Amino acid sequence: MPLTPLSRPLTAEDAAHFLRRTAFGATDAQIRALVGRSAQQVAQQALAFDQSLAPGNPFDPMQGATPGAAVQLTRGAWLFELCYGPHPLREKLALTWSNHFVVGTDKVRNVPALAGYLGTLRRHAATPSFEQFTLEVAQLPAMLRYLDNDQNRKGKPNENFSRELLELFTTGIGPYTETDVREGARALTGWTYQGGRGNRQYLQQPAFVNQPTQHDPGRKTYLGQSGTFQGEDVIRLAAAHPATATFVSRKLHRAFLSDTPDPGAVQGSADTWRRTNGNVLAVLSELLASEAFYASRARIIRSPLDFLVGAVRTLGQPNMDARTLLNLTATAGRMGQLMLQPDTVKGWDGGREWINDTTLLLRMQVAAALTLGSKAPDLRAPPSFLALTGQERPPGAVLLASLDGRQRTYLSLISPEFQLA
Amino acid sequence: MTNRRDVLKLSALAVAATTGMPGFLARAATQAGGTNTLVVIQLTGGNDGLNTLIPYTNGAYYAARPNIAIPKKDVLTVTPDLGMHPGLRPLMKLWDAGHLAWMENVGYPNPNRSHFASMAIWHTADPTQAQADGWIGRLAEQIGDPFCASNVGASTPQALRASDFSLPSIDAVDNFQIKLPAGTDTPFQSLLNSPRSGEAAYLTRATRQMLKNTARVQSGIKKYKAGAAYPDTKFAQQLRDTARVIAAGLGQRVLYVSLGGFDTHAGQRAEQDELLTTLAEGLAAFQTDLERQGLAKNVVVMGFSEFGRRVAENGSAGTDHGKGSVMFAFGEGVRGGVHGSSPDLEDLSDGDIKYRQDFRGVYAEALTRWLRLDARAILGGTFNGPRWIA
């Protein structure tokens, strides 16, 4: 059953909720602009993004003097796009996909490979074809390197990508066997890349190549089907498997509805996914205009980046210099979310995993720096409670209202309400 | 920024911190009186046990690994058949003193080759993966103190999760303190005391607990006097913080530290060599520190990884995910030596070694004979393991 669409026009709190989930947060004016409009129209408009980027990005990864510096500049450039870019939902989705099709800068330190990876996540952010998206990701030098398929050769299989393709990218644990992992690895032999290897070539453009001499052309049995499968076949069978619809829909619900998704609602999205052959755009259009979406207030604990970018956008995108932005990428790392470098290929689990003593302390420090510090942005017109907390009258509002604008904003940023979306 | 902030007086907040807490956290800490500490070391990514404790007389080992086997001449001999990886040299002193134990061939039934499923099994001590709580979380419930175990690092592992709460994570002791701007502490208390439900209530509770934990750490941390120079690695610095927390005498019974990067699918020698060196140098400094502080007799270290790796190397001079592996333990309270028999490299299951000792038996020894706790209640059954506690 498809998800039921929201029928009422958006209230102020509905609009604040939508922008907290799809744009990291927003100013009062941005919230007010959506009040009274239909949920379908608002969702369509947010999803109709193009590929334009924020003007004036101060970071150019190609300027990196070392691979490590280039990685830092890549992070800075992405944070700039998250905070100031014209299409926050596209960036929110790219961030979500970077936590699905995970690569890590511990192994991938080539600038064009990282740029190619990010570009693919943005182009497919609301993809009409999950299968095509998966195929393109599988052939990215960044992914070939990260999960070692560049070394997967006939007679010398390397199972790393084949395993994670099933376990983490498509079906999830359950629908496949160890034999499927091995057979998939055989089918994927020969997929590698040329150029851009090693620390000296970190600015050189690598390119996917399919090496027929390294490919195992024999017969394979994979997910219940047999044939002389090649890499494309394995990607297609895994992406089109019925379990993939549920597994990836659940991740979209984790990103947009709740840290603990409702299985019934996930099934609704999975049905739409299967009916449309993995049309993620169709799934998202339905999801972001649904009653379930608007009923799920305060069910997601903001990730470190959601917290930081949300604060910047809620404060009206104040200017921050390049050094401050780079510091914020490092701070996000100390809070548990170093961009392009999750601890493992599974990505960040999120939810309550974001919260512990140390990360709570860091959230308090960041909030103080943004509101009270000597370099804090101008707060002559501090954000309203609605913009900060999604509620017109949040808990503790009476005492908070008696404080000056900076202190009120500071305490609101460290309140449970701001930290939830 | 500093001139706009001052150190928060915690007395008022400490009162608020005891309300609204899950049952076990509010109970009297009746069993928290022990003085022994267990330090758990997690090697994340699946450490290759065969290249850690090496069967250097076994031809099958060298036949399976033409590129990545540790040459016999480089092995640090510990028995006529087994030797340690050369990167572990800093631990040889402990071996020679009889304080380093290796548990051979440790695993669990129906091994899972997923990093995440397997790690969850080690964290929950439940191979059926039915439980969400961690074994250290259940240990904390038994002790009845929310501060009896901590992770030293950025994110809390599942092992430290209790029914509705996670035990603390301390990323860096020096930063583990609260500073609130003048004039905001009363509104902050009011904010935290407002009634909430769902995830908002969880965040409120976690914040209150954090206020209490930071106060407790800062109250004791000055007792530490550096007893050793630690290497300049994050892992070693976390061990230094571990030593500081132990020296503070805050009543912590379990501390948890992780070292990642063991997923050596390609070019294993370079990667694992460096990791084992980092591991051994950090741990040796930690032990020296404890000895100089007079704390060594009260601390035991136990290390594990979620699985070992295939016996045969793959085509990329690396190894794919396997099954059983080695565990290690050291400390003055440890009975040194090799516990258990080495894997039979000619009788494999699907290319992997067959495990012979259940890891829960190794945990049980630490729980029962080192921490003096009821292992049966924590592990959900009786498990017999090697007698590795002296």
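Values as computed for the structure displayed
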| read-out | value |
| --- | --- |
| Per-bin percent of Cα-Cα distances, region A:24-85 [10 Å] | 18, 34, 26, 15, 6, 0 |
| Chain B, dipole about Cα centre (Lys/Arg Cβ +1, Asp/Glu Cβ -1), debye to the nearest 20 | 1440 debye |
| Point-to-point label distance, B:Arg356-B:Asp96, nm (Cα→Cβ direction, 7 Å offset) | 2.9 nm |
| Longest segment of chain B lacking trypsin sites (Lys or Arg not before Pro) that sit in a DSSP loop with at most 11 other Cβ atoms within 10 Å | B:10-224 |
| Cubic angstrom per residue, convex hull over Cα atoms of region B:263-387 | 120 Å³ |
| Protein heavy-atom accessible area occluded, A/B pair - total, 1.4 Å probe, Å² | 4500 Å² |
| Whole-Å distance, taken between Cα centres, linking region A:253-321 and region A:55-94 | 23 Å |
| Cα-Cα P(r), region A:253-302, percent of pairs per 10 Å interval | 26, 56, 16, 1 |
| Selection from B:Ile41, B:Gly282, B:Val245, by position along the positive dipole direction of chain B (Cβ) | B:Val245 |
| Stokes-Einstein D for region B:77-196, Kirkwood Rh over Cα pairs, 20 °C, 1.002 mPa s (µm²/s) | 115 µm²/s |
| FRET E, pair A:Ala115, A:Arg8, Förster distance 41 Å, beta-carbon r, rounded to 0.05 | 0.45 |
| For chain B: rounded, prolate or oblate by the Cα gyration tensor [a/c cutoff 1.5] | prolate |
| Dimensionless Rg over Rh [region B:116-271; C-alpha; Kirkwood] | 1.02 |
| Proportion of all alpha-carbon pairs of the protein assembly as shown beyond 47 Å (%) | 21 percent |
| Quarter of the Cα convex hull surface for region A:98-177, i.e. its orientation-mean projected area (nm²) | 5.8 nm² |
| B:Ala130-B:Ser219 pseudo-label distance in nm [points 7 Å out on the Cα-to-Cβ vector] | 4.1 nm |
| In nm, spacing of pseudo-spin labels at A:Thr213 and A:Asp60 (7 Å Cα→C-beta vector) | 4.0 nm |
| Normalised convex hull volume, region B:261-335, alpha-carbon set, Å³ per residue | 87 Å³ |
| Sparsely packed trypsin sites (Lys or Arg not before Pro) within region A:330-405, loop by DSSP, other Cβ within 10 Å at most 12 | A:Lys375, A:Arg380 |
| Potential lengthening between A:Gln204 and A:Asp50 on full extension [0.36 nm per residue; Cα-Cα distance subtracted] | 52.7 nm |
| Kirkwood Rh, angstrom, region A:284-421 [1 / mean 1/r, Cα pairs] | 16.0 Å |
| Equivalent ellipsoid semi-axes, region B:321-369, via Cα gyration tensor eigenvalues times 5, rooted, Å | 25, 12, 8 |
| Set of lysines with alpha-carbon distance to A:Lys346 below 21 Å, sequence-local pairs under 8 removed | A:Lys92, A:Lys107, A:Lys251, B:Lys323 |
| Cut-off 14 Å between beta-carbons: net charge of the residues surrounding A:Gln40, Lys and Arg +1, Asp and Glu -1 | -1 |
| Cα-based helix-to-principal-axis angle, A:242-256 vs chain A, degrees rounded to 10 | 20 degrees |
| Mean-position separation - Cα centroids, region A:136-196 and region A:332-391, in angstrom | 35 Å |
| Value of Rg to Rh for region B:121-173 (Rh from inverse mean 1/r over Cα pairs, i.e. Kirkwood) | 0.98 |
| Length-normalised contact order for region A:56-154 - Cα pairs under 8 Å, 6+ apart - percent | 25 percent |
| Nearest 10 degrees, 0 to 90: helix A:304-314 Cα axis against chain A principal axis | 40 degrees |
| Relative pair counts by distance (%), Cα atoms of region B:27-142, 5 Å bins | 2, 9, 15, 16, 15, 15, 13, 9, 4, 2, 1, 0 |
| GNM top mover of B:Glu332, B:Glu274, B:Glu365 - chain B, alpha-carbon springs below 10 Å | B:Glu274 |
| Charge dipole magnitude, Cβ of K and R +1, D and E -1 - the protein assembly as shown, Cα centre, debye nearest 20 | 1500 debye |
| Calculated over region A:58-209: convex hull of Cα atoms, volume per residue (Å³) | 107 Å³ |
| Angle between chain A longest axis and helix A:231-240 axis [Cα atoms, degrees, rounded to 10] | 50 degrees |
| Relative contact order of region B:243-351, defined on C-alpha pairs under 8 angstrom at six or more residues apart (%) | 26 percent |
| Alpha carbon convex hull of chain A, projected area averaged over orientations, nm² | 20.2 nm² |
| Förster radius 51 Å - calculated FRET efficiency between A:Arg236 and B:Ala229, Cβ distance, rounded to 0.05 | 0.35 |
| Top of B:Phe262, B:Phe188, B:Phe359 by mean-square fluctuation, Gaussian network on chain B, Cα under 10 Å | B:Phe188 |
| Accessible-area composition of the protein assembly as shown, carbon plus sulfur, in percent [1.4 Å probe] | 51 percent |
| Cα Rg, Dmax (largest Cα-Cα span) when computed across region A:1-59, Å | 13.7, 47 |
| Nearest-10 value in Å² for the accessible area of B:Val173, using the 1.4 Å probe | 0 Å² |
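The values are calculated or read from the model by the stated rules, or taken from the named source; none is laboratory data. Here the structure is a predicted model, which means the values were calculated and not measured. Every residue, glycine among them, receives a Cβ derived from its backbone with ideal geometry; neighbour counts consider all protein chains shown. Keep in mind that these areas ignore ligands, DNA and RNA; they rest on the heavy atoms of the full protein, side chains included. Shrake-Rupley method; radii C 1.70, N 1.55, O 1.52, S 1.80 Å.
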